[in-house]
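The values are calculated or read from the model by the stated rules, or taken from the named source; none is laboratory data. Since we're looking at a predicted model, the values are computed, not measured. Neighbour counts are summed over all protein chains in view; Cβ atoms, including those assigned to glycine, are modelled from backbone coordinates with ideal geometry. Keep in mind that these areas ignore ligands, DNA and RNA; they rest on the heavy atoms of the full protein, side chains included. Shrake-Rupley method; radii C 1.70, N 1.55, O 1.52, S 1.80 Å.
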Amino acid sequence: MPGIRIDIPEKFIFETEIPVRITDLNYVGHLGNDSFLSIIHDARARFLRKYGYTELDVEGVGTIVNNAVILYKSQLFYGDTVIIKVALKNPGHMSCDFIYLLLDKKTGKEAARAQTGFVFMDYKSGNLMDMPAQFRALFDL
């Protein structure tokens, strides 16, 4: 099976910092893979909030994450701070991708890169919906 690649865009439209908590560690003492996913979820929620959205309400439309890929590059430990840069990519009719670059704030070293698929959905009907126009405008930032 060929390796999975996540190409990092030249431009990110959002950045946030999240500290590594003691509860984020796995049994060998570094940031666990499940916690990486939680950190990018938190970064995505912060991104949406910056633009006045939540995952349940993007201009009246709900969202759902339909896939996630994380490529691990280096370890993070308790007390480290992660810088998460966020970009949008691959705008479709009803979906897009979020791209994340995770850096160790202390060293600047890449800790991981990730991508999540994001689909727009009407939770009442269960139907997929068109990407709202104002959200689509974020691709032009």
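Residues to consider are Ala114, Ala68, Ala87; find the one that is open to solvent by 40 Å² or more (accessible area, probe 1.4 Å), in contact (Cβ under 8 Å) with a residue 24 or more places away in the chain and part of a strand (DSSP E or B).
The conditions single out Ala68.
Name the single residue, out of those in region 29-39 being open to solvent by 30 Å² or more (accessible area, probe 1.4 Å) and within 18 Å of Leu101 (Cβ to Cβ), that is modelled with the lowest pLDDT.
The extreme case among them is Asn33.
Of everything in region 1-28, what is within 12 Å of Ile99 (Cα to Cα) and in a loop (DSSP other than H, G, I, E, B)? Give them in sequence order.
Arg5, Ile6, Asp7, Ile8, Pro9, Glu10, Lys11, Phe12, Ile13
Hey, can you tell me all the residues within region 8-37 that are touching a residue at least 60 places away in the same chain (Cβ under 8 Å), of a type outside the set (A, V, I, L, M) and over 9 Å from Tyr78 (Cα atoms)?
Pro9, Lys11, Phe12, Phe14, Glu15, Thr16, Glu17, Phe36
Counting just the residues of region 40-57 that are surrounded by 14 or more Cβ atoms within 10 Å (Cβ to Cβ) and in contact with a Leu (Cβ under 7 Å, 6 or more places away or on another chain), which one comes out nearest to Ile83 (Cα to Cα)?
Restricting to residues being surrounded by 14 or more Cβ atoms within 10 Å (Cβ to Cβ) and in contact with a Leu (Cβ under 7 Å, 6 or more places away or on another chain), the top hit is Tyr51.
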